[in-house]
Amino acid sequence: MKKRLAALLAVLTLALSASLFASGTASATDGRFCRSPISADGLQVETCVSHDEDPGTWGEVHTWGTNNTSINLCVELVDANQNLVPNSRSCSVQQGNGLGFGDGGFQETPEMWNLPSGTYYAIAYFTSPTYWYGGESPPIQF
């Protein structure tokens, strides 16, 4: 009985490990895939990549927290080799309000149409006035 229970637990553990490993990369399914927020200069920064059936692909970044300084918030798409997807970088000044960002800043890349099949990420960063890395989305493959 103990051996059966141990074997069952081993199988369940392997299945769970495989499903967690597989969930790390988004495939050709449509949707929005985000990395857990990271802290940078008093802000929480969440970076996402999206893909739809058109086929369009874009990145976005959302910030919130207690930084009350204006920032230049940027997001861009890169390929599997970390090369910038041409014309995908988008930046704008997000105003601090003295009380924190509240709902925060939001920026997205232009929607990139008909990218070649491959792996893509969104990368976010901002200056305030120094450079702060805002994180990278999970990879998306199509």
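The values are calculated or read from the model by the stated rules, or taken from the named source; none is laboratory data. Given the structure is predicted, the values throughout are model-derived calculations rather than measurements. Cβ placement follows ideal geometry from the backbone for every residue including glycine, while neighbour counts extend to all protein chains displayed. With ligands, DNA and RNA removed, areas are computed over all heavy atoms of the protein, side chains included. Shrake-Rupley method; radii C 1.70, N 1.55, O 1.52, S 1.80 Å.
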Original post:
Largest first, how would GLU108, GLU76 line up by accessible area (1.4 Å probe)?
Top reply: GLU108, GLU76
Original post:
Can you work out ³J(HN,Hα) from phi for every residue in segment 136-142, in order, using Karplus 6.51 cos²θ - 1.76 cosθ + 1.60 and θ = phi - 60°, giving whole Hz and x for Gly and Pro?
Top reply: 10, 5, x, x, 10, 10, 8
**OP:** With a/c under 1.5 counting as rounded, go ahead and sort segment 68-142 into rounded, prolate or oblate using the C-alpha gyration tensor (a ≥ b ≥ c being the square roots of the eigenvalues; past the cut-off, prolate if a/b is larger than b/c, else oblate).
**Re:** prolate
Original post:
In what order, largest first, do TRP58, TRP113 sit by accessible area if the probe radius is 1.4 Å?
Top reply: TRP113, TRP58
**OP:** Taking all protein chains together and a probe of 1.4 Å, list HIS51, HIS62 from the most accessible to the least accessible.
**Re:** HIS62, HIS51
Subject >> Extreme residue, positive dipole direction of segment 35-142, given options THR119, ILE140, THR47 (C-beta unit charges) >> reply: THR47
